[in-house]
Amino acid sequence: MTNHLSKLAIHTITNKPWSTEQCIENYARAGVSGITFWRYSFEGRSPANVGRQAREAGLEVVSVARGGFFPATTAAGLQRAIDENRRAIDETAEVGAPSLVLVCGAVPGQPLQASRQQIQDGIAELLPYASERNVILAIEPLHPMYADDRSAVNTMAQASDICEALNSHPNVSIACDVYHTWWDPDLEREITRAAAFGNFTAFHICDWKTPTTDFLNDRGLMGEGCIDIPSIQQWVADSGFNGHHEVEIFSNRYWSMDQDEYLKSILDSYQKLRGS
């Protein structure tokens, strides 16, 4: 089993009912090789201690989620975002993760291009600090249904545009989540483009259920929905990416079930996917 799971990482929010310690213990026991901590995992805890516990259990700390939410309509709001992202960068460095995933943000009613410029400017302002702390800022494009208030960056192309406008700085990159990008007819080309410029850092997997009952909290296990994950996996592999495949599932249904059984289902669906 360990060989099959050598590139599997799980986000702590996937098993939201579990404590940080339970996620570490149960993922390690199951043979999972990596973990991505959502920032709530550090509440009441030292990120440095959390990272140490994960590594002692045999887990690689893959990344931290999340920073971002840069756009604002006031100078004070823009500065609050910078300050909060500095704290997120600190936590990422302290836990020993190489990257911080950015959900970039948007302001309802503000032109998307204005929000994208604020996102680019915010990342540019943070890059010297991220470099100093050895943290990659990984832009995660979100599905266009979130363009109103969660992210004005909705395609891999838009994320690459920002990275390239920042001269493909080594501390800015892209996190590709199949839930948000599977619909994009240019996805294969944009994965190749991002990787060619060194701008591809993370790959997140889950599935889009048909029908879905909630666009935020009804994600499916891999193979449960309509996303052609094997094809996207192949494009990612062909691009040269050899990192973890990170399971990130928000699901009221799965959060309400026995989490040990749910973890078994995650492992089963991942192994079937890898064998496809």
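The values are calculated or read from the model by the stated rules, or taken from the named source; none is laboratory data. Remember, predicted model here, so these are calculated numbers, not experimental data. All Cβ positions, glycine included, derive from the backbone under ideal geometry; neighbour counts span all protein chains shown.
Just a few scattered comments:
- Entry remark, segment 137-165: residues being of a type in the set (A, V, I, L, M) and surrounded by fewer than 18 Cβ atoms within 10 Å (Cβ to Cβ) number 4 in total.
- Test: residue in segment 207-218 that is touching a Phe, Trp or Tyr at 6+ places or on another chain (Cβ under 6 Å), modelled with pLDDT of 95 or more, closer than 21 Å to Met145 by Cβ and polar (S, T, N, Q): yes
- Residue list for segment 144-161, filter: under 17 Å from the mean Cα position of the chain (by Cα) and not aliphatic (A, V, I, L, M): Pro144, Tyr146, Arg150, Ser151, Asn154, Thr155, Gln158, Ser160
Table: residues versus (1) modelled with pLDDT under 95; (2) on the phi > 0 side of the Ramachandran plot; (3) crowded, with 22+ Cβ neighbours inside 10 Å; (4) not charged (D, E, K, R).
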residue: Tyr27; (1), (2), (3), (4): no, no, yes, yes
residue: Arg39; (1), (2), (3), (4): no, no, no, no
residue: Gln53; (1), (2), (3), (4): no, no, no, yes
residue: Glu60; (1), (2), (3), (4): no, no, no, no
residue: Ala65; (1), (2), (3), (4): no, no, yes, yes
residue: Ala76; (1), (2), (3), (4): no, no, no, yes
residue: Arg87; (1), (2), (3), (4): no, no, no, no
residue: Ala93; (1), (2), (3), (4): no, no, no, yes
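- Conditions (1) closer than 24 Å to Val107 by Cα; (2) surrounded by fewer than 23 Cβ atoms within 10 Å (Cβ to Cβ); (3) of a type in the set (A, V, I, L, M): number failed by Ala196: (1)
- From Asn49, Asn85, residue being touching a Gly at 6+ places or on another chain (Cβ under 7 Å) and in a helix (DSSP H, G or I): Asn85
- Qualifying residue in segment 230-253 (condition: farther than 21 Å from Ile174 by Cα, out of contact with any Lys or Arg (no Cβ under 7 Å at 6 or more places or on another chain), in a helix (DSSP H, G or I) and modelled with pLDDT of 95 or more): yes
- The sole residue among Ile266, Ile249 that is in contact with a helix residue (DSSP H, G or I) (Cβ under 6 Å, 6 or more places away or on another chain) and of a type outside the set (Asp, Glu) is Ile249.
- Neighbours by Cβ (under 7 Å, 6+ apart or cross-chain): first from segment 70-87, under 11 Å from Gly122 (Cβ atoms); second among the charged types (D, E, K, R) and assigned to a helix (DSSP H, G or I): Ile82/Glu125
- Candidates are the residues of segment 264-276 that are out of contact with any Ser or Thr (no Cβ under 9 Å at 6 or more places or on another chain) and either among the acidic types (Asp, Glu) or modelled with pLDDT of 95 or more (or both); the one that is farthest from Pro230 (Cα to Cα) is Lys264.
- Tally of residues being farther than 26 Å from Leu137 by Cα and surrounded by fewer than 19 Cβ atoms within 10 Å (Cβ to Cβ) across segment 199-224: 9
- Failed item in (1) surrounded by 14 or more Cβ atoms within 10 Å (Cβ to Cβ); (2) in contact (Cβ under 8 Å) with a residue 40 or more places away in the chain, with Gly240 passing the rest: (1)
- For segment 55-76, the condition of being farther than 30 Å from Gln117 by Cα, part of a strand (DSSP E or B) and in contact with a Phe, Trp or Tyr (Cβ under 8 Å, 6 or more places away or on another chain) holds for at least one residue.
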